[in-house]
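The values are calculated or read from the model by the stated rules, or taken from the named source; none is laboratory data. In this text the structure is predicted, and so the values were computed from the model without any measurement. Please note: Cβ atoms are built from the backbone with ideal geometry, for glycine as well, and neighbour counts cover all protein chains shown. These area figures cover heavy atoms from the full protein model, side chains too; ligands, DNA and RNA do not enter into them. Shrake-Rupley method; radii C 1.70, N 1.55, O 1.52, S 1.80 Å.
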Amino acid sequence: MAAGMNKYVKFGLILLLSIGLILFTQQIKLLKNPESTPISILTIYGLITLWAFSFIGILISDLSKKVSLRFVQDFPVLGWVAITSLIFCSASDWFIKAIGAVDFLSITTPILAFAGISVADQLVDLRKTSWKVAIVAVFVFMGTYIGSALLAQFGLFVSGR
(Lines give C-alpha, C1' and ligand atoms only; values in the text may rest on other atoms or scores of the structure.)
Protein backbone atom coordinates (compact mmCIF):
# COMPACT_ATOMS: atom_id res chain seq x y z
CA MET A 1 0.00 0.00 0.00
CA ALA A 2 2.87 2.37 0.79
CA ALA A 3 4.39 1.86 -2.65
CA GLY A 4 1.05 2.78 -4.25
CA MET A 5 0.80 5.91 -2.14
CA ASN A 6 4.38 6.88 -2.98
CA LYS A 7 3.44 6.71 -6.67
CA TYR A 8 0.57 9.14 -6.15
CA VAL A 9 2.72 11.47 -4.06
CA LYS A 10 5.28 11.46 -6.87
CA PHE A 11 2.59 12.22 -9.47
CA GLY A 12 1.19 14.97 -7.25
CA LEU A 13 4.62 16.56 -6.87
CA ILE A 14 5.30 16.37 -10.61
CA LEU A 15 1.95 18.07 -11.25
CA LEU A 16 2.81 20.67 -8.59
CA LEU A 17 6.12 21.32 -10.37
CA SER A 18 4.19 21.79 -13.61
CA ILE A 19 1.83 24.25 -11.93
CA GLY A 20 4.85 26.14 -10.57
CA LEU A 21 6.38 26.30 -14.05
CA ILE A 22 3.11 27.60 -15.47
CA LEU A 23 2.96 30.32 -12.81
CA PHE A 24 6.62 31.22 -13.41
CA THR A 25 6.07 31.41 -17.18
CA GLN A 26 3.00 33.59 -16.75
CA GLN A 27 4.96 35.94 -14.46
CA ILE A 28 7.82 36.22 -16.97
CA LYS A 29 5.34 36.91 -19.76
CA LEU A 30 3.69 39.55 -17.59
CA LEU A 31 7.07 41.23 -17.05
CA LYS A 32 7.75 41.30 -20.80
CA ASN A 33 4.20 42.29 -21.79
CA PRO A 34 2.30 44.14 -19.03
CA GLU A 35 -0.96 43.93 -21.06
CA SER A 36 -0.97 40.11 -20.93
CA THR A 37 -3.10 38.04 -18.55
CA PRO A 38 -2.45 39.28 -14.99
CA ILE A 39 -1.85 36.93 -12.07
CA SER A 40 -4.70 37.09 -9.58
CA ILE A 41 -6.24 34.86 -6.94
CA LEU A 42 -8.44 33.46 -9.71
CA THR A 43 -5.25 32.39 -11.53
CA ILE A 44 -4.15 30.47 -8.43
CA TYR A 45 -7.59 28.83 -8.24
CA GLY A 46 -7.32 27.98 -11.94
CA LEU A 47 -3.94 26.33 -11.41
CA ILE A 48 -5.29 24.36 -8.45
CA THR A 49 -8.23 23.32 -10.64
CA LEU A 50 -5.90 22.14 -13.41
CA TRP A 51 -3.85 20.22 -10.84
CA ALA A 52 -6.99 18.57 -9.44
CA PHE A 53 -8.32 17.63 -12.88
CA SER A 54 -4.97 16.09 -13.82
CA PHE A 55 -4.70 14.17 -10.56
CA ILE A 56 -8.28 12.87 -10.83
CA GLY A 57 -7.51 11.75 -14.39
CA ILE A 58 -4.46 9.83 -13.14
CA LEU A 59 -6.51 8.17 -10.39
CA ILE A 60 -9.27 7.17 -12.83
CA SER A 61 -6.66 5.80 -15.25
CA ASP A 62 -5.19 3.61 -12.51
CA LEU A 63 -8.64 2.44 -11.42
CA SER A 64 -9.57 1.62 -15.00
CA LYS A 65 -6.73 -0.91 -15.17
CA LYS A 66 -8.81 -3.11 -12.83
CA VAL A 67 -11.80 -3.18 -15.21
CA SER A 68 -12.11 -6.27 -17.39
CA LEU A 69 -12.93 -4.27 -20.56
CA ARG A 70 -9.80 -3.95 -22.72
CA PHE A 71 -10.70 -0.60 -24.33
CA VAL A 72 -11.22 0.95 -20.88
CA GLN A 73 -7.85 -0.37 -19.71
CA ASP A 74 -6.10 1.03 -22.78
CA PHE A 75 -7.76 4.45 -22.62
CA PRO A 76 -5.00 7.09 -22.19
CA VAL A 77 -4.56 9.27 -19.12
CA LEU A 78 -5.01 12.40 -21.22
CA GLY A 79 -8.45 11.14 -22.22
CA TRP A 80 -9.46 10.67 -18.58
CA VAL A 81 -8.20 14.16 -17.73
CA ALA A 82 -10.20 15.60 -20.64
CA ILE A 83 -13.37 13.76 -19.60
CA THR A 84 -12.91 14.91 -15.98
CA SER A 85 -12.43 18.50 -17.14
CA LEU A 86 -15.47 18.29 -19.40
CA ILE A 87 -17.71 16.99 -16.62
CA PHE A 88 -16.61 19.56 -14.05
CA CYS A 89 -16.64 22.49 -16.49
CA SER A 90 -20.11 21.48 -17.65
CA ALA A 91 -21.29 21.43 -14.05
CA SER A 92 -20.09 24.93 -13.14
CA ASP A 93 -18.96 28.08 -14.93
CA TRP A 94 -16.61 28.81 -12.06
CA PHE A 95 -14.11 26.23 -13.32
CA ILE A 96 -14.12 27.84 -16.76
CA LYS A 97 -13.54 31.32 -15.29
CA ALA A 98 -10.73 30.05 -13.06
CA ILE A 99 -8.96 28.20 -15.86
CA GLY A 100 -9.52 31.20 -18.16
CA ALA A 101 -7.45 33.31 -15.74
CA VAL A 102 -4.41 31.14 -16.57
CA ASP A 103 -2.57 32.31 -19.68
CA PHE A 104 -2.68 29.70 -22.46
CA LEU A 105 0.91 30.30 -23.59
CA SER A 106 2.08 29.79 -20.02
CA ILE A 107 0.43 26.36 -20.04
CA THR A 108 1.98 25.27 -23.33
CA THR A 109 5.57 26.14 -22.40
CA PRO A 110 6.04 23.47 -19.67
CA ILE A 111 4.10 20.94 -21.78
CA LEU A 112 6.52 21.44 -24.68
CA ALA A 113 9.48 21.21 -22.32
CA PHE A 114 8.26 17.89 -20.92
CA ALA A 115 7.56 16.62 -24.44
CA GLY A 116 11.12 17.54 -25.47
CA ILE A 117 12.55 15.69 -22.48
CA SER A 118 10.51 12.58 -23.23
CA VAL A 119 11.55 12.60 -26.90
CA ALA A 120 15.22 13.07 -26.00
CA ASP A 121 15.25 9.59 -24.48
CA GLN A 122 14.30 8.10 -27.85
CA LEU A 123 17.02 9.79 -29.93
CA VAL A 124 19.14 6.62 -29.76
CA ASP A 125 16.32 4.72 -31.49
CA LEU A 126 16.22 7.41 -34.19
CA ARG A 127 19.84 6.70 -35.10
CA LYS A 128 18.92 3.08 -35.79
CA THR A 129 16.41 4.05 -38.49
CA SER A 130 17.38 4.36 -42.10
CA TRP A 131 18.62 7.64 -43.62
CA LYS A 132 15.58 7.51 -45.90
CA VAL A 133 13.44 8.65 -42.96
CA ALA A 134 15.23 12.02 -43.06
CA ILE A 135 14.35 12.49 -46.74
CA VAL A 136 10.71 11.61 -46.07
CA ALA A 137 10.66 14.02 -43.12
CA VAL A 138 12.02 16.88 -45.25
CA PHE A 139 9.37 16.31 -47.91
CA VAL A 140 6.62 16.06 -45.27
CA PHE A 141 7.73 19.35 -43.71
CA MET A 142 7.96 21.06 -47.10
CA GLY A 143 4.58 19.69 -48.15
CA THR A 144 2.97 20.85 -44.94
CA TYR A 145 4.49 24.32 -45.28
CA ILE A 146 3.55 24.72 -48.95
CA GLY A 147 0.08 23.29 -48.33
CA SER A 148 -0.49 25.72 -45.46
CA ALA A 149 0.74 28.65 -47.56
CA LEU A 150 -1.53 27.69 -50.47
CA LEU A 151 -4.51 27.30 -48.16
CA ALA A 152 -3.82 30.69 -46.57
CA GLN A 153 -3.42 32.29 -49.98
CA PHE A 154 -6.73 30.78 -51.10
CA GLY A 155 -8.39 32.12 -47.93
CA LEU A 156 -7.05 35.60 -48.64
CA PHE A 157 -8.20 35.38 -52.25
CA VAL A 158 -11.72 34.32 -51.26
CA SER A 159 -12.02 37.05 -48.62
CA GLY A 160 -10.98 39.67 -51.20
CA ARG A 161 -7.82 40.93 -49.52
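Annotations for the structure displayed:
- Farthest toward positive dipole pole in the chain [+1 Lys/Arg, -1 Asp/Glu at C-beta], among 85, 8, 36: 8
- Cross-link pairs beyond the 22 Å C-alpha cut-off, checked among 29/97; 32/97; 7/66: 32/97
- Volume per residue that the Cα convex hull of the chain spans, once the total is divided by residue count, Å³: 232 Å³
- Residue 142 contributes about 90 Å² of solvent-accessible surface, heavy atoms of the protein only, 1.4 Å probe.
- Taken per residue, the accessible surface of the chain reaches 73 Å², heavy atoms only and a 1.4 Å probe.
- Taking the average, over residues, of other Cβ atoms within 10 Å as the packing measure, peptides 103-115, 128-140 rank 103-115, 128-140 from highest down.
- Stokes-Einstein diffusion for region 17-61, with the hydrodynamic radius set to the Kirkwood value over Cα pairs and evaluated at 20 °C in a medium of 1.002 mPa s, equals 187 µm²/s.
- Kirkwood Rh, Cα atoms: Rg over Rh of region 1-75: 1.15
- Within the accessible area of the chain, the carbon and sulfur atoms contribute 75%, probe 1.4 Å, all protein chains present.
- The phi torsions of region 150-156, fed into the Karplus equation with coefficients 6.51, -1.76 and 1.60 and a -60° offset, translate into couplings of 5, 5, 5, 4, 4, x, 5 Hz, rounded to whole numbers, with Gly and Pro shown as x.
- Using only side-chain charges placed at the Cβ, +1 for Lys and Arg and -1 for Asp and Glu, the dipole size of the chain relative to its Cα centre rounds to 340 debye.
- Approximate spin-label separation residue 149-residue 27, in nm, with each point projected 7 Å along Cα-to-Cβ: 4.2 nm
- Computed extension gain for residue 140 through residue 68, at 0.36 nm per residue and net of the alpha carbon distance, reaches 21.9 nm.
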